[in-house]
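To start, the structure under review is shown below, and the notes come after it.
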Amino acid sequence: MNKREFSWKDAIPSIFSGLFFLSQMIYGFVFADNSTISFVEYLGVGVFLLSGIFGMAPVIMFPRKGGVGKGKSFVNTTKIVDSGIYAIMRHPQYSSFILWAIGAMLLFQHIVVIMLGIPVIILTYYDMIQEDKHNISKFGTAYKEYMKKVPRVNFFLGIIRVLTR
């Protein structure tokens, strides 16, 4: 297994994604008109809640199933986790970032919030691709096989694949 080398260059998309999301939230809460509550806004809150579930997946699953040593961070996995939510999608935590951005778009319904959310989605998807490359170098053929079975982010396709296995 290869130890991951940290590079600031690799962190740039995540940093910008975080800045766009933070700007999206600040603008939404401070400047967007929140005088009425519509069905779409409730849907946005639901998407935020769903993102919280996806975002906690690695924190809960990796220490239990990923071969993380005692006292180490959940990111120090030594095994591919392919059960639970990881049997349905490969990147639930990254998916949560995308859902946050979409949730903000639905909740605030303002063009600036939407325009700030688009880069969050694009940069997060780019991060997912980079994570797949890292995991291929870390886990090799086993991860490539996992990639064939489990979609990167498509939750609904993942459920269909699990049900048809």
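Quick notes on this structure:
- For the criterion of being polar (S, T, N, Q) and in contact with a Gly (Cβ under 8 Å, 6 or more places away or on another chain), Asn135 fails.
- Residues that are under 18 Å from the mean Cα position of the chain (by Cα) and either touching a residue at least 60 places away in the same chain (Cβ under 8 Å) or open to solvent by 60 Å² or more (accessible area, probe 1.4 Å) (or both) within segment 145-157 comprise Tyr146, Val150, Pro151, Arg152, Val153, Asn154, Phe155, Phe156, Leu157, listed in sequence order.
- Thr78 being closer than 20 Å to Val153 by Cβ and of a type outside the set (D, E, K, R): no
- Residues satisfying the stated conditions in segment 141-165, i.e. among the polar types (S, T, N, Q) and either farther than 28 Å from Leu22 by Cβ or touching a strand residue (DSSP E or B) at 6+ places or on another chain (Cβ under 7 Å) (or both): Thr141, Thr164
- Residue match in segment 133-140 (condition: surrounded by 15 or more Cβ atoms within 10 Å (Cβ to Cβ), on the phi > 0 side of the Ramachandran plot and either out of contact with any strand residue (DSSP E or B) (no Cβ under 6 Å at 6 or more places or on another chain) or of a type outside the set (S, T, N, Q) (or both)): no
- Scan of segment 46-56 for residues that are open to solvent by 50 Å² or more (accessible area, probe 1.4 Å) and among the hydroxyl-bearing types (Ser, Thr, Tyr), ordered by number: none
- Verdict on Ile160 being under 23 Å from Leu49 (Cα atoms), free of Cβ contacts under 8 Å to residues at least 60 places away in the same chain, over 19 Å from the mean Cα position of the chain (by Cα) and part of a helix (DSSP H, G or I): yes
- Residue in segment 89-144 that is nearest to the chain's Cα centre (by Cα), counting only those that are farther than 22 Å from Val40 by Cα and in a loop (DSSP other than H, G, I, E, B): His91
- Here Val112 qualifies as closer than 23 Å to Ser23 by Cβ and surrounded by fewer than 17 Cβ atoms within 10 Å (Cβ to Cβ).
- If the condition is being over 19 Å from the mean Cα position of the chain (by Cα), surrounded by fewer than 17 Cβ atoms within 10 Å (Cβ to Cβ) and in a loop (DSSP other than H, G, I, E, B), then segment 57-88 contributes Gly67, Gly69, Lys70, Gly71, Lys72, Thr78, Lys79.
- Residue pairs meeting the criteria (Cβ under 8 Å; at least 6 apart or on separate chains; first more than 19 Å from Leu107 (Cβ to Cβ) and assigned to a helix (DSSP H, G or I), in segment 12-28; second open to solvent by 70 Å² or more (accessible area, probe 1.4 Å) and not basic (Lys, Arg)): Pro13/Tyr126
The values are calculated or read from the model by the stated rules, or taken from the named source; none is laboratory data. No experiment lies behind these values; they were computed from the predicted model shown. Neighbour counts are summed over all protein chains in view; Cβ atoms, including those assigned to glycine, are modelled from backbone coordinates with ideal geometry. When the accessible area is computed, the model is the full protein with side chains, heavy atoms only, and any ligands, DNA or RNA have been set aside. Shrake-Rupley method; radii C 1.70, N 1.55, O 1.52, S 1.80 Å.
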